[in-house]
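Visitor: Can you keep this structure in mind? I'll have questions shortly.
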Amino acid sequence: MRVQVAIVGGGPSGLLLGQLLHKAGIDAIVLERKTREYVLTRIRAGVLERGLVELLEEAGAADRLHAESFTHNGVVFSSNNDHFDLSFDQYVNQAMTVYGQTELTRDLYDARERVGATTLFNVEDVVLNDLKTESPSIDCTVDGKSIHIDCDYIAGCDGFHGVCRQHIPNNKRKEYIKEYPFGWLGILSETPPVHNELIYSNSDRGFALCSMRNENLSRYYVQCDIKDGVDNWSDAAFWDELKHRIPEQFADTIETGPSIEKSIAPLRSFVCEPMQWGKLFLCGDAAHIVPPTGAKGLNTAASDVRYLYRALKQHYSHRDSTGLQHYSQTALARVWKVERFSWWMTSVLHRFPDQSDFDIKIQQAEIAFLQQNEAAQASLAINYVGLPY
Ligand code: APR
Ligand code: PHB
């Protein structure tokens, strides 16, 4: 089999890239380890930057998003019951779109099937060959059958636990990692959101976040111990703890209900340099991870995809490989700024086990400064709605 671009990974990164390349007349195949059904069971954040929405429009996969999503023009910050609204409109002419990543992934799969593009599922034993030559290839198996794919380029969109990043030689790859000493316990409940904007809350008992998917599907999180287990948390215990961590005004009005999904996620910051090796280009979680506090995981995958898509289009349309040559440098310049923002949000809003009283006072001063200073609010708004590509 031969394609122009072989994409490893059928998550948001791989699917968005595949759809954009198809629209540009570039032949690409997507190789996914799991099944479509399995991929669509994943529950992830759903706060989209305008850049991602525009890419989905370009990919022909934004109709349902426009029909069902919410626009958010600000967020609420809270520190021990003192809360304030931070409006984006006052500082940036940009809003955020709330639309579940699961639905976005479903829309991309539907769009891919509509155009008849090839996706192979249950793909195993992926090996990338000859990355530093003009004729790279992939060997893999599907349901035990060996498959060889010749291609011009390989997009590594296979997430943090994928294999593509490992094909960059260890002595040529530098990985930066920061593990946070806590996790996020999250639930989905078929209840109306407690507020029309997201609530980020720093409390003496730990961080909490109130979010949503639609007018009758809410998403809540509480910071938990890194060694905690979902079985330790009944729904009642979750709701009780959440109410203790958010402002009384919202604790008194929140509508609780049975969880339809409950899980604990670890928090880490991670960056792999470089993000390319010969004809291999990494996108999304394959190259970097952010703690979810800034809602930047999917949005930073999208900026990688845009850089790579534009570079490939420039190459195939104009035989100009400048974008490809500078992809890693271009993508990493934005990635590190997003890593900083996500680290800052996490550092300011969470309780750390080794935190001193001084550290807590500094956190409270950070939030107080944000509440009182327009320059601080402008900086947060610029980062939250999405840095320019
Ligand atoms: N071969 C083929 N597919 C693979 C392999 C492999 N060896 N390893 C992993 N995959 C698939 C996974 O099954 C998954 O569907 O690659 C896909 C990677 O998808 P994600 O992990 O969702 O990463 P990405 O597409 O970059 O999306 C980033 O998703 O996980 C969230 O927080 C993350 O919001 C961010 C977004
Ligand atoms: C979510 O809705 O799941 C969500 C929103 C904002 C975040 C993290 C998660 O920062």
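Visitor: Quick check on my filter: what residues within segment 280-321 are more than 17 Å from the chain's Cα centre (by Cα) and either closer than 16 Å to ARG173 by Cβ or within 16 Å of ligand 2 (Cβ to nearest atom) (or both)?
Guide: Selection gives LEU280, PHE281.
Visitor: Can you pull out the residues in segment 366-387 that are surrounded by fewer than 14 Cβ atoms within 10 Å (Cβ to Cβ) and free of Cβ contacts under 8 Å to residues at least 60 places away in the same chain?
Guide: Matches in segment 366-387: PHE369, GLN372, ASN373, ALA375.
Visitor: Given the residues ARG334, ARG319, ARG340, which is the only one that is in contact (Cβ under 8 Å) with a residue 12 or more places away in the chain and either surrounded by fewer than 24 Cβ atoms within 10 Å (Cβ to Cβ) or under 30 Å from PHE84 (Cβ atoms) (or both)? First the steps, then the outcome.
Guide: Working: ARG319 fails: in contact (Cβ under 8 Å) with a residue 12 or more places away in the chain; ARG340 fails: in contact (Cβ under 8 Å) with a residue 12 or more places away in the chain.
That would be ARG334, the only listed residue that is in contact (Cβ under 8 Å) with a residue 12 or more places away in the chain and either surrounded by fewer than 24 Cβ atoms within 10 Å (Cβ to Cβ) or under 30 Å from PHE84 (Cβ atoms) (or both).
Visitor: Sticking with this structure for a sec: Is there any pair linking a residue in segment 123-141 that is without any contact (Cβ under 8 Å) to a residue 12 or more places away in the chain to one that is in a strand (DSSP E or B) and among the acidic types (Asp, Glu), with Cβ under 7 Å and at least six apart or on different chains, and which?
Guide: Once the first residue is without any contact (Cβ under 8 Å) to a residue 12 or more places away in the chain and sits in segment 123-141, its partners that are in a strand (DSSP E or B) and among the acidic types (Asp, Glu) give ASN129/ASP139.
Visitor: Same structure, new question: For GLN249, only one of the following conditions fails: (1) over 24 Å from PHE182 (Cα atoms); (2) part of a helix (DSSP H, G or I); (3) not assigned by TED's automatic domain parsing to the domain that holds TYR220. What is its number?
Guide: It is condition (3) that GLN249 fails.
Visitor: Within segment 348-365, which residues are surrounded by 17 or more Cβ atoms within 10 Å (Cβ to Cβ) and closer than 20 Å to ASP85 by Cβ?
Guide: Quick first cut of segment 348-365, residues surrounded by 17 or more Cβ atoms within 10 Å (Cβ to Cβ) only: 348-351, 363.
Listed by number, the residues that qualify are VAL348, LEU349, GLN363.
Visitor: Picking from ILE226, ILE264, which residue would you name as being within 16 Å of ligand 2 (Cβ to nearest atom) and not in a helix (DSSP H, G or I)?
Guide: Numbers: ILE226 fails: within 16 Å of ligand 2 (Cβ to nearest atom).
Answer to the selection: ILE264.
Visitor: Take LEU324 and decide whether it is surrounded by 24 or more Cβ atoms within 10 Å (Cβ to Cβ) and over 20 Å from the mean Cα position of the chain (by Cα). Quick ask: steps written out before the conclusion?
Guide: On the way: surrounded by 24 or more Cβ atoms within 10 Å (Cβ to Cβ): no; over 20 Å from the mean Cα position of the chain (by Cα): yes.
No: the conditions fail for LEU324.
Visitor: List the residue pairs whose Cβ atoms are under 6 Å apart, where the first residue sits in segment 157-186 and is modelled with pLDDT of 95 or more, the second is surrounded by 21 or more Cβ atoms within 10 Å (Cβ to Cβ) and of a type in the set (Ser, Thr, Tyr), and the two are 6 or more positions apart or on different chains.
Guide: As it stands, the answer is CYS157/SER13; TRP184/TYR221; GLY186/TYR221, since those pairs meet every condition given.
Visitor: Another question, if that's okay. How many residues, within segment 70-88, are within 16 Å of ASN299 (Cα to Cα) and touching a helix residue (DSSP H, G or I) at 6+ places or on another chain (Cβ under 8 Å)?
Guide: Our first condition is that a residue be within 16 Å of ASN299 (Cα to Cα); within segment 70-88, this holds for 71-72.
Subsequent filtering for residues that are touching a helix residue (DSSP H, G or I) at 6+ places or on another chain (Cβ under 8 Å) retains none.
Within segment 70-88, residues that are within 16 Å of ASN299 (Cα to Cα) and touching a helix residue (DSSP H, G or I) at 6+ places or on another chain (Cβ under 8 Å) number 0.
Visitor: Assuming ALA24 fulfils every condition listed in (1) touching a Lys or Arg at 6+ places or on another chain (Cβ under 9 Å); (2) within 16 Å of ligand 2 (Cβ to nearest atom) apart from one, which condition is it?
Guide: Going through the list (1) touching a Lys or Arg at 6+ places or on another chain (Cβ under 9 Å); (2) within 16 Å of ligand 2 (Cβ to nearest atom), ALA24 breaks only (2).
Visitor: Can you find, within segment 94-108, the residue that is farthest from the chain's Cα centre (by Cα) among those that are in a loop (DSSP other than H, G, I, E, B) and away from ligand 2 (no atom under 12 Å from the Cβ)?
Guide: Across segment 94-108, the extreme among qualifying residues is GLN94.
Visitor: Of the residues in segment 10-52, how many are assigned to a helix (DSSP H, G or I) and either more than 10 Å from ligand 1 (Cβ to nearest atom) or among the polar types (S, T, N, Q) (or both)? Let's see the steps before the verdict.
Guide: Start the filter on segment 10-52 by keeping residues that are assigned to a helix (DSSP H, G or I), which leaves 12-23, 36-39, 50-52.
From what is left, the residues that are either more than 10 Å from ligand 1 (Cβ to nearest atom) or among the polar types (S, T, N, Q) (or both) are 13, 18-23, 37, 50-52.
Total satisfying the criteria: 11.
Visitor: Here's another thing I want to ask about it. Being polar (S, T, N, Q) and either more than 16 Å from ligand 1 (Cβ to nearest atom) or touching an Asp or Glu at 6+ places or on another chain (Cβ under 8 Å) (or both) narrows it down to one of GLN101, GLN4, so name that one. Full working, then the answer.
Guide: On the way: GLN101 fails: either more than 16 Å from ligand 1 (Cβ to nearest atom) or touching an Asp or Glu at 6+ places or on another chain (Cβ under 8 Å) (or both).
Criteria check complete, one pass: GLN4.
Visitor: While we're looking at this one, here's another question. What are the pairs with Cβ atoms under 7 angstrom where one residue, in segment 40-65, is free of Cβ contacts under 8 Å to residues at least 40 places away in the same chain and the other, located anywhere, is within 15 Å of ligand 1 (Cβ to nearest atom) and assigned to a helix (DSSP H, G or I)? Sequence gap at least six, or different chains.
Guide: GLU58/LEU20
Visitor: Another one. Out of curiosity, is ARG340 within 18 Å of GLU49 (Cβ to Cβ), part of a helix (DSSP H, G or I), away from ligand 1 (no atom under 16 Å from the Cβ) and at pLDDT 95 or above? If you could, list the steps in order and put the result at the bottom.
Guide: Details: within 18 Å of GLU49 (Cβ to Cβ): yes; part of a helix (DSSP H, G or I): yes; away from ligand 1 (no atom under 16 Å from the Cβ): yes; at pLDDT 95 or above: yes.
Taking the combined requirement at face value, the residue satisfies it.
Visitor: Can you spot a residue in segment 145-160 that is of a type in the set (Asp, Glu) and in a strand (DSSP E or B)? So that I can check it myself, show each step before the final result.
Guide: At the first step, the residues of segment 145-160 found to be of a type in the set (Asp, Glu) are 150, 152, 158.
In the following step, the residues that additionally are in a strand (DSSP E or B) were identified as 150.
The answer is yes; a qualifying residue exists.
The values are calculated or read from the model by the stated rules, or taken from the named source; none is laboratory data. The shown structure was predicted, so the numbers you read here are calculated from the model rather than taken from an experiment. Cβ sites come from the backbone with ideal geometry, for glycine too, and all protein chains shown count toward neighbours.
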